[in-house]
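Working notes, structure below.
The values are calculated or read from the model by the stated rules, or taken from the named source; none is laboratory data. The model shown is predicted, which means the values in this text are computed figures rather than measured ones. Cβ placement follows ideal geometry from the backbone for every residue including glycine, while neighbour counts extend to all protein chains displayed. Ligands, DNA and RNA are excluded from the accessible area calculation, which covers all protein heavy atoms including side chains. Shrake-Rupley method; radii C 1.70, N 1.55, O 1.52, S 1.80 Å.
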Amino acid sequence: MNKPATGTQMAFDFITDREKNYAEVNGEVRTIIYANPDTGWKVAEVKTFSKKNTKVCGYLPGIKLGDKICARCTKTTHPQFGESLQIDEFYRELPYQKEGVIKFMMSCVDGVGEQLSERIVKKFKDKALEILEENPQRLLEVEGISEKLLEKIKKSAGLINTSVKELVLIGFSPKWASRIYLKYGAEAASLIKKHPYKLIRDFKGIGFKKAEIIAGNVGVEKMDGERIAAGIYFSINAILQKTGHNFLYLDDVVRASSRLLEIPRAWAESEILSNKGLVIENDMVYLPKYYEAEKDVAEKIAEKIKLPPVELKNFPELINKIESEVKIKFSPDQIEAVKKAIVNPLTVITGAAGTGKSTLCIGLLLLLDKLGKSYAVCAPTGKAANKIENLTGKSASTIHRLFKYSPAEGFRVNGENPLEKDYLIVDEASMVDILLMQAICDGAGKNTRIVFIGDPYQLPPVDAGNSLQALVGSYSVSQIMLPEIFRQKKESTILKNASMINMEKPFPMTNTDDFEFIDTANPAEMIKALYSSIEKLKKAGFHPIKDINVLTPLNKGGGDISVSNLNLRLRDWLNPASEDISFLVHDREFRIGDKVMQRKNDYDLDIYNGDIGIIKDDCQGEKTVTVDFDGKEKRIPYSKMDNITLNYAMTVHKSQGSESRAVIFLSTRSGCYFLLNKNLFYTAITRAREKLIMIMPYEVVKMAVGYNIRRQSYLSHRIQQFVLGREKN
């Protein structure tokens with residue numbers, strides 16, 4: 001079969017230049033070579049734990065001589081200071097972390113719970129772990145520890161010490177050794193010696209390069225079968241994570257695996273074809289989960305569209321009545337979309353930003369109420385669910401919450417325990433990846449009619465697949481596209497620029513009332529322009545935290561304009577540190593008033609990836625932090641604050657499903673090269689309702705609009721095949 005076009009940007013290399021130049025620095029700041037008091041930018045010399053002096057540069061607020069830091073960096077060359085490491089993210093390593101010690105003892109030492117851990121730390125303070133290892137008899141001084149319990153603790157601590165020390169000798173840092181021990185237990189070292197490449201699948205953050213070093217330290221041969229299988233898996237998974245493809249062509253897998261494993265292509269191809277952990281169909285190579293998901297979704301879609309149409313009486317009268325009640329005049333296309341959604345078993349409603357997709361939901365849900373139909377409304381993220389709930393006044397939830405996902409059990413609303421509703425409405429469907437689409441199709445009841453609503457021009461999902469596009473491209477389901485724009489005024493420059501991006505044309509830099517373009521490639525000038533833009537917006541009545549979203553393509557690795565760096569800069573400017581508001585959780589500083597985001601779904605606390613809130617209080621006595629998520633206050637235990645990150649700036653991907661009065665969008669060529677595409681720019685621009693400010697070199701716009709994301713998926717063809725198969729029967 002012929003390969004689809006993959007764009008004109010460049011051939012894909014699964015290890016980017018930025019990753020090749022990645023480095024970590026852990027050590028003590030010995031010299032401050034240069035410091036800019038206005039911007040906080042510093043050049044410092046760090047003496048690492050290996051006694052090597054390393055030059056680092058970047059935004060280092062509050063760092064002084066003698067501080068110990070841990071930093072993730074990118075190798076760079078500065079015109080004045082020469083070769084150095086550009087800091088992408090860093091934290092100050094504190095000499096003693098009470099909460100970290102308590103958490104470690106609770107997790108690793110048998111018989112020691114939270115209260116007993118706290119008593120041990122209260123008694124021995126920063127000597128607690130030293131006493132546990134070298135003089136455990138002194139633990140009898142702690143209330144609640146008997147001779148019998150002491151023996152249990154000593155035995156458990158001995159296992160920890162032995163295993164962790166072995167892991168350190170193999171080549172892990174003490175921090176990683178502890179993490180691996182927590183997962184594998186006392187047999188961790190022996191397990192890693194036998195199966196070092198198991199680390200790749202089990203730990204995010206350990207790639208093939210690190211596993212290779214460990215494997216070499218324990219004597220694994222280059223031709224070992226486990227090494228070859230791990231290299232093939234890593235090559236495929238690394239490319240899938242970067243591209244979002246459902247599958248890869250065999251030639252691409254052979255090329256990447258051969259390069260990574262340093263073996264001939266013929267040998268790599270033979271190993272791939274005989275690999276039982278892969279599914280190969282024609283020349284398409286799948287990881288099994290994506291292959292099964294494609295087949296399952298296609299089969300469920302084909303089965304769903306067999307449902308008979310609903311007979312809808314008095315539709316014009318009902319719509320007129322709803323328009324009168326809500327004082328909204330729906331367009332003919334919106335009315336037709338509502339009708340299709342009611343009548344057909346599966347409907348896809350698409351439209352660009354501002355075409356009234358969310359508004360038609362008001363009419364759709366009110367009509368379902370009048371018809372006495374049951375329904376559920378969901379969206380991929382908490383932001384998107386809150387948006388549709390606030391707009392319609394009807395209950396909405398994340399897809400994960402609606403289908404009752406838990407990490408241990410998966411989706412508990414499934415084929416055996418389906419969602420028994422007449423209708424299921426899925427908003428922001430462009431964000432639904434192939435595995436999430438599988439969960440939706442599996443969990444929806446056999447007679448449940450599904451309505452997918454989304455913007456086909458936005459970024460595709462973060463994870464694999466492009467399900468909305470596949471449904472549209474199958475030409476097998478009922479669909480309608482809304483052409484008319486309502487959100488902005490007809491003369492809106494934001495709207496015109498978004499339309500030009502869709503046509504793959506660079507828009508002019510002409511400034512208007514709602515649009516401003518600042519053409520600069522200098523990082524320092526970009527930061528100054530950012531501050532200046534926020535000040536202008538503040539004077540125009542925009543709240544700097546509530547009304548303005550600062551967007552950038554890169555989370556880490558983008559130097560001065562990465563999310564991690566921008567968050568520190570903007571926080572220090574908009575919410576300066578003080579004794580009254582600053583507090584530490586483990587080794588991270590937070591401040592009351594900080595704008596934050598939840599990074600992972602937490603089903604116990606009922607907060608989800610992408611939920612945005614404001615820190616209201618630090619309850620040290622209860623070891624919780626109170627965060628207000630859109631009017632709902634949640635008390636987050638210190639142990640779960642690792643999932644909370646600053647949100648003064650965010651990636652364009654994270655901004656999907658939301659909009660704000662103003663958007664400031666920063667991008668560069670060097671750090672963001674692999675992310676520059678028209679989908680990303682369209683998504684960033686259309687998050688703005690009233691004002692858009694772009695700070696970047698104009699050449700970045702020209703590069704981005706010429707590249708469209710095309711994901712490799714066979715879903716649309718599978719849907720057609722199953723539909724045709726049903727028709728033959």
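Points worth noting:
- Any hit, region 370-383, residues being part of a helix (DSSP H, G or I) and free of Cβ contacts under 8 Å to residues at least 40 places away in the same chain: no
- Selection status of residue 146, more than 30 Å from residue 232 (Cβ to Cβ), at pLDDT 75 or above, open to solvent by 40 Å² or more (accessible area, probe 1.4 Å) and of a type outside the set (Asp, Glu): yes
- For region 208-265, a tally of residues being surrounded by 23 or more Cβ atoms within 10 Å (Cβ to Cβ), in a helix (DSSP H, G or I) and touching an Asp or Glu at 6+ places or on another chain (Cβ under 7 Å) returns 2.
- Evaluation of residue 610 against the conditions (1) assigned to a loop (DSSP other than H, G, I, E, B); (2) open to solvent by less than 30 Å² (accessible area, probe 1.4 Å); (3) at pLDDT 90 or above shows that the sole unmet condition is (3).
- With a requirement of 1 or more residues that are hydroxyl-bearing (Ser, Thr, Tyr), out of contact with any Phe, Trp or Tyr (no Cβ under 6 Å at 6 or more places or on another chain) and free of Cβ contacts under 8 Å to residues at least 40 places away in the same chain, the strands (runs of 3 or more DSSP E) lying completely within region 616-729 that satisfy it span 624-629.
- Only listed residue being at negative phi and modelled with pLDDT of 65 or more, chosen from 53, 2: 53
- The set of residues in region 578-600 being surrounded by 22 or more Cβ atoms within 10 Å (Cβ to Cβ) and outside any strand (DSSP E or B) consists of 594 alone.
- Scope region 384-406; condition touching a residue at least 40 places away in the same chain (Cβ under 8 Å), of a type outside the set (A, V, I, L, M, F, W, C) and not in a strand (DSSP E or B); matching residues: 386, 387, 400, 401
Residues checked against (1) surrounded by fewer than 24 Cβ atoms within 10 Å (Cβ to Cβ); (2) closer than 30 Å to residue 525 by Cα; (3) out of contact with any strand residue (DSSP E or B) (no Cβ under 8 Å at 6 or more places or on another chain):
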residue: 625; (1), (2), (3): no, no, no
residue: 632; (1), (2), (3): yes, no, yes
residue: 640; (1), (2), (3): yes, no, no
residue: 643; (1), (2), (3): yes, no, no
residue: 646; (1), (2), (3): yes, yes, no
residue: 654; (1), (2), (3): yes, yes, no
residue: 658; (1), (2), (3): yes, yes, no
residue: 667; (1), (2), (3): no, yes, no
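- Residue check for residue 281: among the acidic types (Asp, Glu), within 30 Å of residue 708 (Cβ to Cβ) and open to solvent by less than 10 Å² (accessible area, probe 1.4 Å): no
- Once region 503-532 is narrowed to residues that are open to solvent by less than 30 Å² (accessible area, probe 1.4 Å) and farther than 14 Å from residue 662 by Cα, the residue that is modelled with the lowest pLDDT is 507.
- Candidate set: region 266-295, residues that are in a helix (DSSP H, G or I), touching a helix residue (DSSP H, G or I) at 6+ places or on another chain (Cβ under 7 Å) and among the hydrophobic types (A, V, I, L, M, F, W, C); chosen: the one modelled with the highest pLDDT: 293
- Against the test of being open to solvent by 20 Å² or more (accessible area, probe 1.4 Å), within 16 Å of residue 664 (Cβ to Cβ) and either of a type in the set (Gly, Ala, Ser) or at pLDDT 85 or above (or both), the options 547, 572 yield a single qualifying residue, 547.
- Residue check for residue 457: more than 29 Å from residue 242 (Cβ to Cβ) and open to solvent by 10 Å² or more (accessible area, probe 1.4 Å): no
- Residue count for region 394-421 under the criterion of being surrounded by 17 or more Cβ atoms within 10 Å (Cβ to Cβ) and under 26 Å from residue 356 (Cβ atoms): the result is 7.
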